[in-house]
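Every number in this text was worked out from the coordinates using simple rules, so none of it is lab data. All figures in this text were calculated on a predicted structure; none of them were measured in a lab. Here Cβ is always computed from backbone atoms with ideal geometry, including for glycine, and neighbour counts include all displayed protein chains.
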Amino acid sequence: MLRISGTGATHVGLVREHNEDAAFVGPSCLLVADGVGGGAAGEVAAATTAYVVSATALARPDDDPAVVLAEAVATAQQQVALGARLRPEREGMATTLTAVVTDGQQFALAHLGDSRGYVFRDGELNRVTRDHTYVQNLLDEGSLAEEEVPMHPWRNVVLRSVNGADGPADVQVLDLRPRDRLLVASDGLTDFVSERRIADLLGRKDDDDAVQALVAAALGAGGRDNITCVVATVVEGPRLVGDGTRLGALTDLDNVVDPAAVRMPAPPGSRPAGRTA
Ligand SMILES: [Mn+2]
């Protein structure tokens, strides 16, 4: 069996007052969700989506991870829509989602928005997500150069998200093997720290140290947004269940619209939150 062994960290940054990022890391699921919306709505969109996806993955350990993710994203869209209907001030709330789930054999990744997923193998960093942004479309068309992105007035315009209205996520199967490493991060990291620097830090540090170094690098670059990074290594070993760490907006379950929307099995031998083995 393959599983994920890793860790994550989140930081409000140096400018924002609230942390609207949420993250989860456990042996069969890791994810980042970056929420937006007035009041506390960004936290609600991010935490609700992070909860629905992580809880669905934990509840269905033997199912095809691509199917689990597609169905979890559909539930998350419904829950975000419900949350906005219940409280009109949440109207317009939305979140990105980049999530990896495994059943012990296959890995799948679901993606909506401008958070990012990377695979680090043999010293090489490969981005495996495509930003759902206006500037990414301009880059693809060839009408914008990579170095012009940081100055573009619409660089933060996200075209697809978990907002209660958009459709399914992009879901892909990831071909991973033991010792491959995964990085999932919000744009508070990737807008301010170059991929070259990220690869350098991943190459020199283990997962725990890399997470701390990545957050420190984003803070050193000004910390203008919430920063969230999850770094994990694919390992071979027996399955672990009922274990995981919640970060950011997901640490407060009051942010979740309806936790009962996902039926959870009783976690056998559940342990307090902490680093996964
Ligand atoms: Mn952000």
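Net charge in the neighbourhood of residue 139 (other residues with Cβ under 13 Å of its Cβ; Lys, Arg +1, Asp, Glu -1) is -4.
Taking a ≥ b ≥ c as the square roots of the eigenvalues of the Cα gyration tensor, an a/c ratio of 1.5 or more together with a/b no larger than b/c marks the range 118-186 as oblate. Each eigenvalue of the Cα gyration tensor of the range 32-127, multiplied by 5 and square-rooted, gives one semi-axis; in descending order these are 27, 17, 8 Å.
Roughly speaking, what is the stretch gain from residue 63 to residue 141, that is 0.36 nm per residue apart minus the C-alpha to C-alpha distance, in nm to one decimal? Working it through step by step, the gained length comes to 24.3 nm. In the calculated pair-distance distribution of the range 79-175, the portion above 16 angstrom amounts to 65 percent of the Cα-Cα pairs. The range 64-105 and the range 38-54 have their alpha-carbon centroids 9 Å apart. In angstrom, the C-alpha Rg and Dmax of the chain are 17.3, 55.
When the helices of the chain are scored as -39500 (n - 2.57) per DSSP H run of n ≥ 4 and the total is divided over every residue, the value at 222 nm lands at -9000 deg cm²/dmol. What net charge do the residues around residue 126 carry, taking every other residue with its C-beta under 12 Å from that of residue 126, with Lys and Arg at +1 and Asp and Glu at -1? Local net charge: -1. Rounded to the nearest 20, the Cβ-based charge dipole of the range 1-141 about its Cα centre (Lys and Arg +1, Asp and Glu -1) stands at 220 debye.
Cβ-to-Cβ counts within 10 Å put 161, 186 in ascending order as 161, 186, the fewest first. The value of relative contact order for the range 1-131, using C-alpha pairs under 8 Å at least six residues apart, is 24 percent.
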